[in-house]
Amino acid sequence: MIKKNLIFLVGFMGAGKSTIGLRLARDLKWNFIDLDQEIEKGEGRPIRQIFSEKGESYFRQLETKVLQGLKTRGPSVIALGGGAFIQDINRLLIHELGYSVFLDCALEVIVKRCPQDGTRPLLHSSGGLEALYTSRLPYYQKSDFRVDVSNQSPEQITKTILDHLSAGRIDDAHNINRPVDI
């Protein structure tokens with residue numbers, strides 16, 4: 001049985017956090033929150049504009065502020081931005097509030113999914129993408145558990161997470177504070 005009522009989807013851009021988050025929230029009959037969209041609503045401008053006008057540091061502060069505001073929200077699935085889990089303060093807050101699920105997607109799949117069209121502020125080249133992916137991976141691996149999403153459909157991934165939830169494995173993973181591969 002689920003003891004905490006917030007599930008945070010962690011992973012690199014293009015891993016499917018929003019797609020899986022919407023499905024998971026629908027199946028659980030919980031709210032869905034896209035952290036980046038919450039920030040855009042609060043700021044009244046797109047993330048790429050926030051980055052260009054105020055910088056990454058300012059954006060990371062906004063992430064933390066929005067995450068802190070989740071303490072009073074009801075049961076929700078939250079799709080994090082790709083860098084939100086990298087910040088120690090955010091990671092600690094997420095572990096306090098709920099469970100983190102790492103949607104682990106192979107880099108070659110991510111490259112196919114992420115167009116270099118300017119909508120992702122930290123994506124400038126495929127070489128930069130690989131370096132960013134490599135630098136973030138150790139942080140993502142600190143999630144409560146991991147799902148390999150490289151070769152599964154959204155339906156399969158959602159079912160895997162729901163099966164894990166119904167079996168009570170998330171509580172076990174959270175209590176012993178180590179990732180559980182599924």
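A few comments on the model shown:
- Of the residues making up the stretch 145-167, those that are of a type in the set (A, V, I, L, M, F, W, C), surrounded by 20 or more Cβ atoms within 10 Å (Cβ to Cβ) and under 14 Å from residue 25 (Cβ atoms) number 2.
- Any chance residue 63 is buried (at least 20 other Cβ atoms within 10 Å of the Cβ), more than 17 Å from residue 161 (Cα to Cα) and without any contact (Cβ under 8 Å) to a residue 40 or more places away in the chain: yes
- Identity of the residue in the stretch 73-96, β-branched (Val, Ile, Thr) and touching a residue at least 60 places away in the same chain (Cβ under 8 Å), that ends up nearest to residue 39 (Cα to Cα): 78
- Taking first residues from the stretch 155-167 that are touching a residue at least 40 places away in the same chain (Cβ under 8 Å) and under 12 Å from residue 16 (Cβ atoms) and partners that are surrounded by 12 or more Cβ atoms within 10 Å (Cβ to Cβ) and among the aliphatic types (A, V, I, L, M), the Cβ contacts under 7 Å between residues at least 6 apart in sequence or on separate chains come to 157/20; 157/147; 157/149; 158/20; 158/24; 161/24; 161/101; 161/147.
- Hits in the stretch 128-182 - residues which are assigned to a strand (DSSP E or B) and modelled with pLDDT of 85 or more: 145, 146, 147, 148
- Listed by position, the helices (runs of 4 or more DSSP H) enclosed by the stretch 1-70 that each have at least 3 residues that are within 29 Å of residue 131 (Cα to Cα) and touching a strand residue (DSSP E or B) at 6+ places or on another chain (Cβ under 7 Å) are 17-28.
- Considering only residues in the stretch 23-53 that are in contact (Cβ under 8 Å) with a residue 60 or more places away in the chain and crowded, with 20+ Cβ neighbours inside 10 Å, the one that is farthest from residue 6 (Cα to Cα) turns out to be 23.
- Some residue of the stretch 84-99 being hydroxyl-bearing (Ser, Thr, Tyr), closer than 28 Å to residue 150 by Cβ and at pLDDT below 95: yes
The values are calculated or read from the model by the stated rules, or taken from the named source; none is laboratory data. Every value quoted in this text rests on a predicted model; they were computed, and no experiment measured them. All Cβ positions, even for glycine, are placed from backbone atoms using ideal geometry, and neighbour counts span all protein chains on display.
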